[in-house]
Each structure stands twice: as structure tokens, then as C-alpha cells.
Amino acid sequence: MSPAPVGEPLERRAVISGIGQSQIGRRLGRSDLDLTAEAALAAMADAGLQREDIDGLSTYPGMGSGTPGFAGPTTPEVQDALGLSLNWHDGGGEGAGQMRAVIAASLAVAAGLARHVLVYRTVTEGTAQGAGGRPGIGGGGGSGRGVPRFGGFLQWSLPYGAVSAANWIAMVGQRRMHEFGLTREQLGQIALNGRRNAALNPNAIYADPMSMDDYLAARMISTPLCLFDCDAPCDGSTAVVVSHRDVADDLDHPAVQINAVGTALRGRPSWDQFDDMTTMAARDAAAAMWERTELVPADVDTAQLYDGFSVLAIVWIEALGFCGRGESGAFIEGGGAIGRDGVLPLNTAGGQLSGGRLHGFGLIHEACVQLRGEGGARQVVRPNGRGPEVAAVANGGGPIAGTMLLTRDVR
Amino acid sequence: MLANGPSLRLLPYLDDHNRFFWTSGEDGSLRILRCHACHFYNHPPGPVCRNCLSRDQAPQVVRGRGRVETFSINYQQWIPGSEPYVIAWVSLEEQPSVRLTTNLIDVEPGDVHVGMEVAVEFEAIEDVYIPLFRPVGPQDAS
């Protein structure tokens with residue numbers, strides 16, 4: 001259970017005042033710092049801020065490992081590159097998914113540690129992987145110096161060739177087929193929906209039309225996941241500026257308020273030991289978020305839900321209460337409910353499956369675009385004739401999960 | 001018939017906490033860390049019992065029987081030269097909350113299913129005994 005409420009959630013004192021993205025592509029051959037600077041300057045300009053106004057810097061995952069092209073530049077590297085003078089900075093890979101960097105920024109703003117925090121997430125996985133395809137963790141082991149050895153949590157899966165999140169999430173998908181009767185045709189709707197929306201996103205990686213036959217004929221990666229159930233590695237940087245809400249009236253566009261965040265991890269932090277094999281930490285993060293807000297799932301006008309793998313999006317649909325447990329297959333059947341004119345417009349820029357693996361931050365960016373009414377050809381219009389007022393964003397899968405509700409204007 | 005695993009098995013570093021598990025198969029038995037105070041099985045092994053926080057734990061031989069909770073047939077060549085193989089999460093009969101990620105061996109693609117009863121078998125590589133599971137057949141009646 002959550003701690004006792006202490007009045008208004010402090011994250012509500014923060015708004016996203018600016019958004020920006022770099023060039024996005026499959027193999028750009030540009031450095032992560034170069035892409036980050038492009039996104040950062042765009043976000044600062046969007047917020048109407050000068051370099052001197054930025055006094056906080058935050059990223060996921062910051063200094064660290066991961067496969068090539070994954071981490072992006074550290075906050076000290078970006079501070080130096082942009083000549084920033086900072087009152088607060090933070091980077092880390094542990095926490096409520098990739099959006100932990102935005103959540104940390106909101107709390108820093110609420111605590112008075114910083115006034116305008118530049119938050120970024122940069123990937124160069126497209127270039128790093130080159131033509132070689134996505135690596136497994138452990139890199140296939142072909143070092144020629146004996147069999148590689150691993151410790152930590154990886155030791156329990158790597159000996160079995162379970163070397164990718166694709167394998168681990170495939171297990172969740174298969175379990176859903178067993179428990180709930182999920183079908184490949186239902187799962188395919190996540191991929192098809194993303195591709196339809198990507199066609200209206202000039203920055204998307206894959207915009208060619210895709211049919212259900214195309215989806216079903218794609219090569220298998222790890223059953224039940226085929227190629228189109230896995231997101232598209234790319235190069236690109238997304239930046240947002242998180243500011244105190246009292247700047248909202250100074251903006252030339254609607255402020256996007258952080259209404260509530262969900263950061264809980266109540267089950268075991270492990271793929272194979274989590275008590276519920278069909279939801280995992282998304283269940284905990286979503287429950288915690290709804291405990292912090294008066295809004296309810298029916299208030300949500302658009303959902304930007306992590307689809308690093310298609311299964312994760314349906315896990316989030318259920319975890320966030322847009323349908324009942326086990327009912328997501330029926331909910332997405334035919335794709336109507338998650339279309340731009342459906343009850344839950346989903347991943348309206350194409351998600352990561354077709355829009356590109358911007359690793360959570362592409363979804364945050366698109367939620368802001370939609371709330372600000374700047375979606376152009378893909379702008380969602382609700383049955384009341386208005387644009388979305390409440391967006392749900394979710395990042396992560398398996399034992400990693402974070403979610404937040406964003407609203408148009410300050411409430 | 002599917003392969004029994006990837007073409008190359010990446011291996012664990014052995015240390016004082018995991019050595020008992022990864023070498024347990026030397027005598028043909030699977031061992032899981034068990035709490036003497038509350039009898040809870042703890043896997044992966046940890047410094048204290050996750051159930052009661054006692055430090056009084058020791059490896060305990062288990063029967064090596066379990067149930068396939070979910071599975072995936074891997075086709076992607078993460079590890080070059082691999083033929084399709086089955087990754088499974090197997091829950092142990094002594095305490096089903098304990099699950100092992102493993103490979104199923106000696107199985108046909110169409111036969112793998114959730115709920116399949118399986119029994120442990122070990123593959124020795126260097127100083128490690130990798131627990132694998134094969135379907136329980138009529139010859140395994142106990």
C-alpha cells in the first residue's frame with residue numbers, strides 16, 4: 001500500500017514547459033551528444049527559455065553499461081557541452097522506468113532544488129548495431145577466450161539462451177495465451193495500430209502500410225513474438241523541460257501538468273520470480289498512480305504505453321484499468337478501441353514498434369504533442385469535439401515500470 | 001525435435017553464494033536454499049530468508065520435479081549457430097513460487113505446453129552443472 005496521503009501530490013507542482021526532438025533515423029552516424037544538444041536546444045526554445053534559465057539536468061540511464069548505443073551521454077557531458085550552470089543534476093538507470101528522470105525532475109522542482117530542469121533520453125542503437133542486427137545480452141559469447149561468465153541476475157537466464165528482453169517478454173505473452181486466450185491476431189493489433197499512426201508521423205522509422213497477413217507472416221523471434229512485435233532500434237534524442245507550474249501562464253502554448261506518478265515495485269524485482277506472470281511491475285506502478293489522483297481511467301483521452309514489445313502495451317492497458325484483467329485481447333480485437341477515434345487512442349505517433357525505439361521518451365513527447373493539440377494529421381479529437389485533456393504515459397516492462405498522468409493546463 | 005539449448009551456453013561466475021546451486025548436479029540432485037526457521041525455499045539464493053528474514057538457511061535437495069508455467073521457442077540467432085530451442089519457466093513441486101528459467105530437452109515443438117510435468121537433468125560444462133528439464137514420461141512413474 002501507499003504511504004498515507006500528505007495532501008496534494010508534490011509532482012503536481014511541476015509542468016512540462018517545453019519539448020524537443022532531434023533528427024530521428026535508423027543509422028544517422030551522429031554522436032549521442034550531438035543529438036542530445038539538438039533536442040535540448042529545441043526543448044529550451046519551445047519553453048521560451050535561455051541557457052541561463054536552465055538550472056537542472058536529468059537523464060536515464062546516465063553513466064552506465066548496457067548494450068552499445070543504449071545509454072546516451074551523461075549529465076556532466078551535457079552540462080559541459082551546453083555550458084550550463086546547475087543547481088541540481090541526476091542520472092540513473094534504476095527506478096520507475098525511463099521516465100524516472102522526469103519524475104526526479106518534478107520532485108526537484110517541487111522541492112526547490114531547481115526551477116527549470118532539462119530532461120533527456122538519447123539512443124544511438126541504430127548506428128551502434130549497424131547492419132548486424134540487435135544483439136543479445138552477453139553478445140553471443142564469441143570471444144574465443146573460453147565461455148563468458150556472468151554474475152548477478154543474468155546468470156539465471158543467459159546459460160539457457162534467454163539472452164534478450166524478447167525472450168523474457170515472450171514468456172509473458174505465452175502465459176497470457178494460456179490464462180486468457182490471447183491470440184496472435186489480437187496481439188498484432190498493437191503492431192498494426194502503431195504502423196497506421198506512424199504513417200502520419202514524419203519522424204517515424206517504419207511508415208509503410210502493414211496488413212495482418214504481413215504481421216502473421218513475419219519471421220519468429222521467440223514465440224509468440226515475431227519481428228513486428230519488437231520495437232525498431234534507432235538513433236534520436238528526446239528532451240523535455242520540467243518547470244515549476246507557476247511559469248504556466250508565461251508559455252505560448254498550453255502547459256502540460258504532471259498530475260500523478262506511479263513508481264511502486266511491490267512484487268519481486270525479477271522476470272521469472274514475479275508473482276503474477278501476466279502483469280509484473282506495471283500492476284504495482286499503475287495501482288500506485290491511481291492512489292495519488294482523483295482522476296479515473298475513464299478520464300483518459302489518450303494513452304502512450306510502452307511497446308518495446310507489443311505484449312507490454314497490452315499489459316499496461318490492463319494494469320492501468322482500461323479494461324479488466326485478462327480482457328485486453330478482446331479490448332484490442334479489430335483495433336477499433338485503440339484507434340485515433342476509439343475509446344483509447346493508443347501510441348498515436350506509432351509507438352516504438354513503428355515510430356522508433358526512443359525508449360519511453362518518444363511516448364512522453366507524443367503525450368505532450370496531443371495535449372497541446374499539435375498532432376497535425378494524427379491529432380486526436382475526442383467525441384466532444386475537443387482535443388485530449390488527460391493522457392496516460394507508461395514506461396517499462398517486466399520488473400521495471402513507471403507511469404504518469406499528464407493533463408492539459410494547470411488544475 | 002528441438003535443440004536442447006543454444007549452441008553455446010554462457011556460464012555463471014561461481015561464488016560462495018551460488019556455487020552450491022550450479023554444482024549441485026554433480027551427484028544428480030537439484031538443491032535450493034531453504035530456511036530452517038520457516039522452511040521457505042529461497043531462489044535465487046539471498047543472504048537472509050525472504051519470508052522471515054532468518055539467516056539460518058542451507059541448501060536442500062529437492063525432488064527435481066516441476067511444471068512448465070510458460071515457455072518460448074527461440075528462433076533468433078542471438079548466439080550464432082543455434083537451432084530453435086525452448087526456454088521455459090519451471091515451478092518446483094515443493095514450492096511453486098520457486099521458478100527456474102531453463103531449457104526443455106527432448107521435446108517436439110507441438111508437444112510443449114503450459115502445465116507440462118517435467119523432471120530435472122543436468123548438463124555438465126567446465127565446473128558447472130546446468131539444470132535442464134525433460135518431459136516426465138510413463139517410465140518416470142514414482
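Please determine, by comparing only the residues of the stretch A:274-299 that are under 21 Å from residue A:180 (Cβ atoms) and among the polar types (S, T, N, Q), which one is surrounded by the most Cβ atoms within 10 Å (Cβ to Cβ). Residue satisfying both the conditions and the ranking: A:278.
Per-residue answers, yes or no, for (1) in contact (Cβ under 8 Å) with a residue 24 or more places away in the chain; (2) within 21 Å of residue A:265 (Cβ to Cβ); (3) out of contact with any Asp or Glu (no Cβ under 9 Å at 6 or more places or on another chain):
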| position | (1), (2), (3) |
| --- | --- |
| A:299 | yes, no, no |
| A:313 | yes, yes, no |
| A:332 | yes, no, yes |
| A:343 | no, no, yes |
| A:361 | yes, yes, yes |
| A:368 | yes, no, no |
| A:374 | yes, no, yes |
| A:386 | no, no, no |
| A:409 | yes, no, no |
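Could you check, for the stretch A:115-137, whether at least one of its residues is surrounded by fewer than 21 Cβ atoms within 10 Å (Cβ to Cβ), within 27 Å of residue A:353 (Cα to Cα), among the basic types (Lys, Arg) and out of contact with any His (no Cβ under 6 Å at 6 or more places or on another chain)? Yes: one or more hits.
If only residues of the stretch B:19-58 that are touching a helix residue (DSSP H, G or I) at 6+ places or on another chain (Cβ under 7 Å) and assigned to a loop (DSSP other than H, G, I, E, B) are counted, the one that is farthest from residue B:92 (Cα to Cα) is B:45.
Inspect the stretch A:127-145 for any residue being assigned to a helix (DSSP H, G or I) and modelled with pLDDT of 95 or more and give the result as yes or no.
Our first condition is that a residue be assigned to a helix (DSSP H, G or I); within the stretch A:127-145, this holds for A:127-132, A:139-141.
Still in the list and also modelled with pLDDT of 95 or more: none.
No, the conditions are met nowhere in the stretch A:127-145.
Would you point out the residue of the stretch A:164-194, among those that are outside any helix (DSSP H, G or I) and crowded, with 21+ Cβ neighbours inside 10 Å, that is farthest from the other protein chains (Cβ to nearest Cβ)?
So the first thing to find is which residues in the stretch A:164-194 are outside any helix (DSSP H, G or I), and the list is A:164, A:181-183.
With the extra rule that they be crowded, with 21+ Cβ neighbours inside 10 Å, the set shrinks to A:164, A:182.
Details: A:164: 6, A:182: 12 Å.
That would be A:182.
If you take the residues of the stretch B:77-99 that are among the polar types (S, T, N, Q) and out of contact with any Gly (no Cβ under 8 Å at 6 or more places or on another chain), which of them is farthest from the other protein chains (Cβ to nearest Cβ)? The selected residue is B:95. For the stretch B:73-94, the candidate set comprises residues that are free of Cβ contacts under 8 Å to residues at least 60 places away in the same chain, within 19 Å of residue B:41 (Cβ to Cβ) and surrounded by fewer than 24 Cβ atoms within 10 Å (Cβ to Cβ); within that set, the residue that is nearest to the chain's Cα centre (by Cα) is B:91.
Residues in the stretch B:65-72: is at least one within 8 Å of chain A (Cβ to nearest Cβ), crowded, with 23+ Cβ neighbours inside 10 Å, of a type outside the set (A, V, I, L, M, F, W, C) and closer than 19 Å to residue B:122 by Cα? Taking every residue of the stretch B:65-72 in turn, none turns out to be within 8 Å of chain A (Cβ to nearest Cβ), crowded, with 23+ Cβ neighbours inside 10 Å, of a type outside the set (A, V, I, L, M, F, W, C) and closer than 19 Å to residue B:122 by Cα. Residues of the stretch A:272-285 that are within 11 Å of chain B (Cβ to nearest Cβ) and under 22 Å from residue A:98 (Cβ atoms): A:274 alone.
Taken over the stretch A:76-107, the residue count meeting the criterion of being assigned to a helix (DSSP H, G or I), closer than 24 Å to residue A:257 by Cα and not small (Gly, Ala, Ser) is 4. Test residue A:269 against the criterion of being surrounded by fewer than 23 Cβ atoms within 10 Å (Cβ to Cβ) and either within 14 Å of chain B (Cβ to nearest Cβ) or not small (Gly, Ala, Ser) (or both), and give yes or no. So residue A:269 fits the description; yes.
Give the residues of the stretch A:63-91 that are within 16 Å of the chain's Cα centre (by Cα) and at positive phi, sorted by residue number. Answer for the stretch A:63-91, where residues must be within 16 Å of the chain's Cα centre (by Cα) and at positive phi: just A:72. Inspect the stretch A:208-220 for any residue being in a loop (DSSP other than H, G, I, E, B), within 23 Å of residue A:121 (Cβ to Cβ) and in contact with a strand residue (DSSP E or B) (Cβ under 9 Å, 6 or more places away or on another chain) and give the result as yes or no. No, the stretch A:208-220 contains no residue that is in a loop (DSSP other than H, G, I, E, B), within 23 Å of residue A:121 (Cβ to Cβ) and in contact with a strand residue (DSSP E or B) (Cβ under 9 Å, 6 or more places away or on another chain).
Quick check on the stretch A:27-54: of everything there that is among the polar types (S, T, N, Q) and farther than 16 Å from residue A:89 by Cβ, which residue is farthest from the chain's Cα centre (by Cα)?
Of the stretch A:27-54, the ones among the polar types (S, T, N, Q) are A:31, A:36, A:50.
Among the residues that remain, those that are also farther than 16 Å from residue A:89 by Cβ are: A:31, A:50.
Details: A:31: 22, A:50: 27 Å.
Applying the filter and picking the extreme gives A:50.
Looking only at residues in the stretch A:204-226 that are exposed (fewer than 15 other Cβ atoms within 10 Å of the Cβ) and farther than 17 Å from residue A:348 by Cα, the one that is nearest to the other protein chains (Cβ to nearest Cβ) is A:219. Residue-level analysis places residue A:313 among those that are touching a Leu at 6+ places or on another chain (Cβ under 7 Å) and part of a helix (DSSP H, G or I). When residues in the stretch B:1-34 are screened for being among the basic types (Lys, Arg) and in contact with a Ser or Thr (Cβ under 8 Å, 6 or more places away or on another chain), 1 of them pass.
Of all helices (runs of 4 or more DSSP H) completely enclosed by the stretch A:320-411, which ones contain at least 2 residues that are surrounded by fewer than 24 Cβ atoms within 10 Å (Cβ to Cβ) and more than 21 Å from the chain's Cα centre (by Cα)?
Working: elements: A:328-332, A:351-354, A:361-371.
Where helices (runs of 4 or more DSSP H) fall fully within the stretch A:320-411 and carry at least 2 residues being surrounded by fewer than 24 Cβ atoms within 10 Å (Cβ to Cβ) and more than 21 Å from the chain's Cα centre (by Cα), they are A:328-332.
Looking only at residues of the stretch B:100-126 that are buried (at least 19 other Cβ atoms within 10 Å of the Cβ) and either of a type in the set (A, V, I, L, M) or over 18 Å from residue B:23 (Cα atoms) (or both), we find that the one that is nearest to the other protein chains (Cβ to nearest Cβ) is B:100. Against the test of being of a type in the set (D, E, K, R) and outside any loop (DSSP other than H, G, I, E, B), the options B:83, B:69 yield a single qualifying residue, B:69.
The values are calculated or read from the model by the stated rules, or taken from the named source; none is laboratory data. Since the model is a prediction, treat every value here as computed from it, not as a measurement. When we count neighbours, we look across all protein chains shown, and the Cβ atoms used for this are built from the backbone with ideal geometry, even at glycine.
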